[in-house]
Amino acid sequence: MKRLGSCLTLAAAASILCLGASLPASAAWEPTRPVELIVPAGTGGGADQMARTIQGIITKHSLMKQPLVVINKSGGAGGEGFLDVKSANNNPHKIIITLSNLFTTPLATGIPFNWKDLTPVAMLALDEFVLWVNADKPYKTVKDYIDAVKAAPAGTIKMGGTGSKQEDQIITVAVEKAIGSKFTYIPYKGGGEVAVQLVGQHVDSTVNNPIEAVAQWRGGKVRPLCVFDSKPMAYDEQVADGKGWKDIPTCKSQGLDIEYVMLRGIFMGPKATKDQIDYYVELFKKVRATPEWQDLMKSGAFNTTFMTGGEYASWVGTEEKRHETLMKEAGFLAQGN
Amino acid sequence: MEEIANLFQGFAVALQPFNIAVMVLGIVLGVIIGVLPGLGGANGVAILLPLTFSMPPTSAIIMLSCIYWGALFGGAITSILFNIPGEPWSVATTFDGYPMAQQGKAAEALTAAFTSSFVGALFAVVMITLVAPLVAGFALRFGPAEKFAVYFLAFCSFVGLSKEPPFKTIAAMMIGFALAAVGLDSITGQLRLTFGSTELLNGFDFLIAVIGLFGLGEIFLTMEEGLRFQGGKAKIDLRVVLRTWMSLPQYWMTSLRSCVIGCWMGVTPAGATPASFMSYGIAKRVSKNGNNFGKGEIEGVIAPETAAHAAGTAALLPMLSLGVPGSPTAAVLLGGLLIWGLQPGPMLFVEQKEFVWGLIASMYLGNLVGLIIVLTCVPIFAAILRVPFSIIAPLILVLCAIGAYSVHNSTFDVVMMLVFGIIGYALKKCNYPLAPLVLAIVLGDKAEEAFRQSLLGSQGSLGIFFSNTLVSSIMILGLIALFWSVIQNGFTRLRTRTAAA
């Protein structure tokens with residue numbers, strides 16, 4: 001009876017899970033039905049690519065006995081996905097991969113959600129942001145570009161980015177503050193589109209993630225000026241014009257004192273047990289060890305920091321504070337927040 | 001001529017037995033996906049993507065792109081038979097395809113749809129083969145203002161000369177715009193018209209609206225008319241394919257025009273849905289049989305199907321050469337490319353010749369295989385209509401519900417679908433046209449986004465829509481399309497006056 005009782009508190013889909021849990025309690029927790037990996041963004045974007053790569057790696061290397069299913073819930077700038085996982089109380093078969101909209105969406109839209117509603121599992125990587133300009137423009141360094149922005153009448157220089165009141169616009173506002181001039185920020189649906197708008201000279205600069213703009217860089221269409229991280233990226237292999245990711249200086253070293261990286265991490269629904277968290281942490285350690293994952297990291301020049309447990313939770317907490325400050329300064333908070 | 005040599009190497013790759021097997025499998029899966037309303041090519045490809053990770057990249061992309069072709073073919077089947085578009089771009093096919101089916105000419109409509117799809121795709125592949133680099137450069141000239149101009153043209157060419165009372169058309173379209181505005185406003189990042197409801201965060205998905213308005217609305221009407229499903233007399237005969245083929249060449253002008261519209265929309269990338277609407281609208285305007293459009297005119301099937309398939313195929317070009325997907329399905333394929341370690345973009349054609357030309361060759365072969373498969377099945381599809389309505393209607397209802405659920409895995413959508421069904425029935429009873437409403441739901445938020453992006457860039461000046469030759473010529477074309485009936489009347493009056501004088 002005791003076992004049955006603990007079962008009921010454990011599972012949302014009680015019947016199936018109880019069967020699983022009432023088997024000999026030899027091993028730690030394992031999924032008993034397909035696991036849903038929620039992507040709070042549309043198909044084809046950075047988070048979606050990462051989720052589908054994870055799905056491919058897990059299938060190819062048989063890392064899970066149950067299948068992993070990727071589901072996009074992109075409504076309301078990802079709010080739909082977050083609320084879905086928030087309501088997945090006691091359902092360990094639902095995990096979510098997040099990006100910065102974990103913080104920005106609730107702050108900007110006021111939907112009833114906070115990351116503390118979820119259980120942090122692991123940080124998979126951090127995504128970098130690079131300041132890009134069109135290769136046909138004369139700006140070779142950050143200083144050239146900033147001087148040009150300052151010289152132009154306020155608002156005539158156009159910065160393209162993904163989404164509104166999200167990471168790209170936050171960086172744009174930070175740059176504006178640092179140089180004391182104004183851009184016109186134009187939001188687009190996806191990073192790939194932003195990169196092409198820069199190639200077509202419909203915007204003057206972007207803060208694309210490396211993976212979004214690398215193809216255009218290799219084609220000689222765009223030029224990276226600096227990376228918004230505390231140290232240069234780790235990949236020294238040549239990418240274009242005899243340069244690698246490592247050769248892009250930090251913005252700070254170029255006199256633009258802004259740092260911003262984006263979380264690519266995994267969360268679970270509320271009330272996950274330690275066994276369940278441990279299972280996923282181990283799973284993602286195995287995923288990270290595969291060559292396919294390392295290829296993805298290299299092609300997108302990701303920062304491969306890995307964190308779990310308390311360390312991860314406190315990192316997320318600090319980031320939330322930072323986003324709140326940044327968004328408050330930019331006037332991006334929803335009314336009533 | 002280097003392209004031709006590359007293409008033949010590509011054929012050698014695509015003709016390997018394993019790749020042919022993969023091609024047939026992909027087409028069959030794609031047709032099934034296209035037939036199920038709601039599932040759609042993008043979802044289908046996304047679900048099957050992980051299966052292909054263990055294949056060589058070339059085989060994998062052949063399989064996935066064949067699913068895409070299959071879905072393009074399959075979308076037409078339910079549009080014609082049941083008035084339920086399986087895919088957004090088949091909406092325009094229902095306008096004449098369904099009336100044809102009701103008149104017992106389902107087989108003719110299906111044959112015309114499949115053949116035009118093939119013609120459109122072939123035209124687009126030839127274009128990709130010959131002028132890929134040139135066309136890719138053209139796509140770069142499309143900023144927000146140019147995109148808005150294209151949407152503007154799509155609206156104008158479709159609405160300009162509609163025969164319905166103009167105020168009802170405008171009312172239907174405004175309802176569509178209002179529905180399209182629900183959800184997140186991508187320019188300000190604020191929620192609009194959600195009234196605090198989490199279900200409305202995503203806005204109204206186009207597919208839910210279409211399944212409800214067209215599919216359910218039609219079933220309700222049929223029920224009212226006494227459970228009689230017209231078209232039961234459809235003859236089952238493979239010769240009908242040949243007979244239809246004999247009649248097709250006379251529409252070469254419509255086909256050619258639709259091919260051009262389709263390629264243009266696919267490359268820019270506006271996508272297959274505006275292409276099909278625009279092509280239908282223009283054909284209706286220009287054709288001798290324009291007055292029969294909407295009553296079962298075969299040209300009204302040819303025009304949208306040709307354009308949709310040409311656009312769907314041409315959409316792969318900006319994806320491969322620029323890394324910008326021209327359609328949702330292309331976006332998923334793009335994700336696949338990255339996972340296989342292929343970097344779409346300007347260098348792909350240089351560094352991955354075998355892959356690119358293998359894919360292009362598979363477009364030729366895949367479409368041919370697809371055409372043969374679906375054409376041989378025409379009698380079987382048409383025979384579905386012989387099943388009594390009282391049996392088929394519940395089946396369609398269940399299929400619609402599954403389709404609506406699978407769009408976002410949400411039961412709320414199934415309820416929404418029912419609501420849209422009732423709205424569709426009511427609008428039809430009051431003689432409001434549904435097409436402008438649907439067009440506004442599909443393109444409304446995209447047009448709005450492009451419009452506001454342009455104004456942001458121009459600091460609020462409308463002059464941006466006439467700031468260069470490209471954008472101004474598209475806008476002027478749109479205005480001409482909008483006022484075409486007035487212009488035409490003016491001409492006729494002028495002519496009669498000179499004749500009289």
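The values are calculated or read from the model by the stated rules, or taken from the named source; none is laboratory data. None of these values were measured; they are calculated from a predicted model. Every residue, glycine as well, gets a Cβ built from its backbone with ideal geometry; the counts of neighbours run over all protein chains shown.
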Between a first residue in region B:400-423 that is free of Cβ contacts under 8 Å to residues at least 60 places away in the same chain and within 14 Å of chain A (Cβ to nearest Cβ) and a second residue that is of a type in the set (A, V, I, L, M) and surrounded by fewer than 22 Cβ atoms within 10 Å (Cβ to Cβ), which pairs have beta carbons less than 7 Å apart while being 6 or more apart in sequence or on different chains?
-> B:ASN409/A:ILE71
Looking at B:GLY34, is it at pLDDT 85 or above, buried (at least 24 other Cβ atoms within 10 Å of the Cβ) and closer than 18 Å to B:SER406 by Cβ?
-> no
For region B:445-474, name all the residues that are closer than 23 Å to B:PHE277 by Cα and touching a Leu at 6+ places or on another chain (Cβ under 8 Å).
-> B:ILE474
For region B:198-207, indicate whether the set of residues that are of a type in the set (Val, Ile, Thr), at pLDDT 80 or above and either buried (at least 19 other Cβ atoms within 10 Å of the Cβ) or outside any strand (DSSP E or B) (or both) is non-empty.
-> no
What about B:GLU199, is it of a type in the set (Asp, Glu) and within 14 Å of chain A (Cβ to nearest Cβ)?
-> yes
Somewhere in region A:52-69, is a residue under 16 Å from the mean Cα position of the chain (by Cα), on the phi > 0 side of the Ramachandran plot and more than 8 Å from chain B (Cβ to nearest Cβ)?
-> no
Taking region A:223-246 and keeping residues modelled with pLDDT under 90 and basic (Lys, Arg) leaves none
Among B:PHE355, B:PHE381, B:PHE349, the single one that is within 14 Å of chain A (Cβ to nearest Cβ) and crowded, with 17+ Cβ neighbours inside 10 Å is B:PHE349
What helices (runs of 4 or more DSSP H) lie completely within region A:155-268 and have 1 or more residues being away from chain B (no Cβ under 13 Å)?
-> A:167-179
Of the residues B:SER410, B:SER390, which is crowded, with 20+ Cβ neighbours inside 10 Å, farther than 20 Å from B:ALA154 by Cβ and hydroxyl-bearing (Ser, Thr, Tyr)?
-> B:SER410
Within the set of pairs 6+ apart or on separate chains, which have a first residue in region A:276-305 that is more than 14 Å from chain B (Cβ to nearest Cβ), a second that is of a type outside the set (A, V, I, L, M, F, W, C), and C-beta atoms under 7 Å apart?
-> A:GLN276/A:PRO92; A:ILE277/A:THR119; A:TYR279/A:GLU30; A:VAL281/A:THR308; A:ASN303/A:GLU128; A:ASN303/A:ASP229
Counting residues that are closer than 30 Å to A:VAL203 by Cβ, which helices (runs of 4 or more DSSP H) fully inside region B:63-178 reach at least 3?
-> B:106-140, B:144-159
Do we find that A:LYS271 is at positive phi and basic (Lys, Arg) in this structure?
-> yes
A:GLY192 is checked against (1) touching a strand residue (DSSP E or B) at 6+ places or on another chain (Cβ under 7 Å); (2) buried (at least 21 other Cβ atoms within 10 Å of the Cβ) and fails just one. What number does that condition carry?
-> (1)
Return the only residue of B:VAL91, B:VAL131, B:VAL125 being modelled with pLDDT of 90 or more and either away from chain A (no Cβ under 14 Å) or out of contact with any helix residue (DSSP H, G or I) (no Cβ under 6 Å at 6 or more places or on another chain) (or both).
-> B:VAL125
Restricted to region B:278-331 and to residues being part of a loop (DSSP other than H, G, I, E, B) and within 14 Å of chain A (Cβ to nearest Cβ), the residue farthest from B:PRO88 (Cα to Cα) is B:GLY323
Residues of region B:16-31 being more than 28 Å from the chain's Cα centre (by Cα) and surrounded by fewer than 14 Cβ atoms within 10 Å (Cβ to Cβ), which ones?
-> B:PRO17, B:PHE18
Output the number of the condition that A:ALA301 fails; it satisfies all remaining conditions of (1) part of a helix (DSSP H, G or I); (2) in the same structural domain as A:ALA47 (by TED's automatic domain parsing).
-> (1)
Which ones in region B:428-440 are assigned to a helix (DSSP H, G or I) and surrounded by fewer than 20 Cβ atoms within 10 Å (Cβ to Cβ)?
-> B:LYS428, B:LYS429
Between a first residue in region B:448-460 that is more than 22 Å from B:GLY176 (Cα to Cα) and a second residue that is of a type in the set (D, E, K, R) and not in a helix (DSSP H, G or I), which pairs have beta carbons less than 9 Å apart while being 6 or more apart in sequence or on different chains?
-> B:LEU456/A:LYS158; B:GLY457/A:LYS158
Listed residues B:GLN459, B:GLN453; which is modelled with pLDDT under 90 and in contact with a strand residue (DSSP E or B) (Cβ under 8 Å, 6 or more places away or on another chain)?
-> B:GLN459
Having 1 or more residues that are among the β-branched types (Val, Ile, Thr) and touching a Cys at 6+ places or on another chain (Cβ under 9 Å) is the bar; report the helices (runs of 4 or more DSSP H) wholly within region B:348-409 that clear it.
-> B:353-376
Which residue out of B:THR169, B:THR115 is touching a residue at least 60 places away in the same chain (Cβ under 8 Å) and closer than 20 Å to B:GLY312 by Cα?
-> B:THR115
